[in-house]
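S.K.: Below are the structure tokens for one structure; questions will follow.
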Amino acid sequence: DAGITQSPRYKITETGRQVTLMCHQTWSHSYMFWYRQDLGHGLRLIYYSAAADITDKGEVPDGYVVSRSKTENFPLTLESATRSQTSVYFCASSDTSGLGSSYEQYFGPGTRLTVT
Amino acid sequence: GQNIDQPTEMTATEGAIVQINCTYQTSGFNGLFWYQQHAGEAPTFLSYNVLDGLEEKGRFSSFLSRSKGYSYLLLKELQMKDSASYLCAVVDYKLSFGAGTTVTVRA
């Protein structure tokens, strides 16, 4: 049972390049999320998706693009990477039904991205 | 908007008790989570409170007061492996996280 995986785990890229971070989950969870984690800011939501072909902005969406053509995949693309996007990126999923602790999110291992 | 506050750092001795406070002001409320995150790893679920009161899970307990916008996570019989960051997160239609409290357990 693989759960939720992210690739790559580490990435170094140059300013201006496009880079895509991959996220895959095997639970068929309806909701998927992308966060970035920076020192002093905690986890901040970039984008989320309630189902295939349904996505919405979170707190810090600028400079990022997402898509969700299949329930299990939720790639995050930095269209033109900037140094301020150097961060650790976490993907998460949940099977939210609107009831109780089903809001619990399960996190992937993270991708450490450095933009030079 | 969301405003979630928790202390930045706490230090305690092995075997002791530590209480991590979290205060929040949010536009909606459907519960409060506590997550544990070891350095370099993903956050993992610790507890969920949606009603006022204390939820106990072994060495960890979590308390919620909705009227006060307040929660705490109580860690008892501290062990070295409890050294981690503890994240408070409030649910409206999504999770909003506090910046986290780094707990260091000393021998």
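S.K.: Restricting to segment B:15-49, count the residues that are within 11 Å of another protein chain (Cβ to nearest Cβ) and more than 22 Å from A:F90 (Cα to Cα).
M.R.: Total meeting the criteria: 2.
S.K.: Scan segment A:30-65 residue by residue and report those that are away from chain B (no Cβ under 14 Å), over 13 Å from the mean Cα position of the chain (by Cα) and not aliphatic (A, V, I, L, M).
M.R.: Scanning segment A:30-65 gives A:D53, A:D62, A:G63.
S.K.: Going through B:T44, B:T26 one at a time, which residue ends up being under 14 Å from B:A89 (Cβ atoms) and open to solvent by 60 Å² or more (accessible area, probe 1.4 Å)?
M.R.: Only one candidate qualifies: B:T44.
S.K.: Identify, by number, the condition in (1) farther than 12 Å from A:P109 by Cα; (2) open to solvent by less than 40 Å² (accessible area, probe 1.4 Å) that A:Q6 doesn't meet.
M.R.: (1)
S.K.: Now for a separate question. Six or more apart or on different chains, Cβ under 6 Å: which pairs go from a residue in segment A:29-43 that's more than 21 Å from A:R68 (Cα to Cα) to one that's open to solvent by less than 20 Å² (accessible area, probe 1.4 Å) and outside any strand (DSSP E or B)? Could you list them?
M.R.: These pairs meet every condition: A:G42/B:G98; A:G42/B:G100.
S.K.: Here's another thing I want to ask about it. May I ask you to list the residues in segment B:50-96 that are open to solvent by 20 Å² or more (accessible area, probe 1.4 Å) and either within 14 Å of another protein chain (Cβ to nearest Cβ) or among the β-branched types (V, I, T) (or both)?
M.R.: Result: B:V50, B:L51, B:E55, B:K57, B:S85, B:Y93, B:K94.
S.K.: I've got another one for you. Hey, A:D56 hits all of (1) closer than 14 Å to A:C91 by Cα; (2) modelled with pLDDT under 95; (3) assigned to a strand (DSSP E or B) but one; which does it fall short on?
M.R.: Among (1) closer than 14 Å to A:C91 by Cα; (2) modelled with pLDDT under 95; (3) assigned to a strand (DSSP E or B), the lone unmet condition for A:D56 is (1).
S.K.: Which of the residues belonging to segment B:1-23 are hydroxyl-bearing (S, T, Y) and exposed (fewer than 15 other Cβ atoms within 10 Å of the Cβ)?
M.R.: Result: B:T8, B:T11, B:T13.
S.K.: So, B:Q36, is that one open to solvent by 30 Å² or more (accessible area, probe 1.4 Å) and without any contact (Cβ under 8 Å) to a residue 60 or more places away in the chain or not?
M.R.: When the stated conditions are applied, B:Q36 does not pass them.
S.K.: In segment A:66-80, is there at least one residue being within 14 Å of another protein chain (Cβ to nearest Cβ), under 14 Å from the mean Cα position of the chain (by Cα) and either at pLDDT 95 or above or surrounded by 13 or more Cβ atoms within 10 Å (Cβ to Cβ) (or both)?
M.R.: no
S.K.: Just for segment B:1-37: of the residues that are among the β-branched types (V, I, T) and in a strand (DSSP E or B), which one is nearest to A:L43 (Cα to Cα)?
M.R.: Out of the qualifying residues, it is B:I4.
S.K.: Tell me the strands (runs of 3 or more DSSP E) entirely within segment B:41-88 that contain at least 2 residues that are over 22 Å from B:T11 (Cβ atoms).
M.R.: Output list reads B:44-49, B:53-57, B:60-65.
The values are calculated or read from the model by the stated rules, or taken from the named source; none is laboratory data. What you are looking at is a predicted structure, and each value in this text was computed from that prediction instead of being measured. Cβ coordinates were reconstructed from backbone atoms using ideal geometry, including for glycine residues, and neighbour counts include every protein chain displayed. Quick note on the areas: whole protein, heavy atoms, side chains included, nothing else; ligands and nucleic acids left out. Shrake-Rupley method; radii C 1.70, N 1.55, O 1.52, S 1.80 Å.
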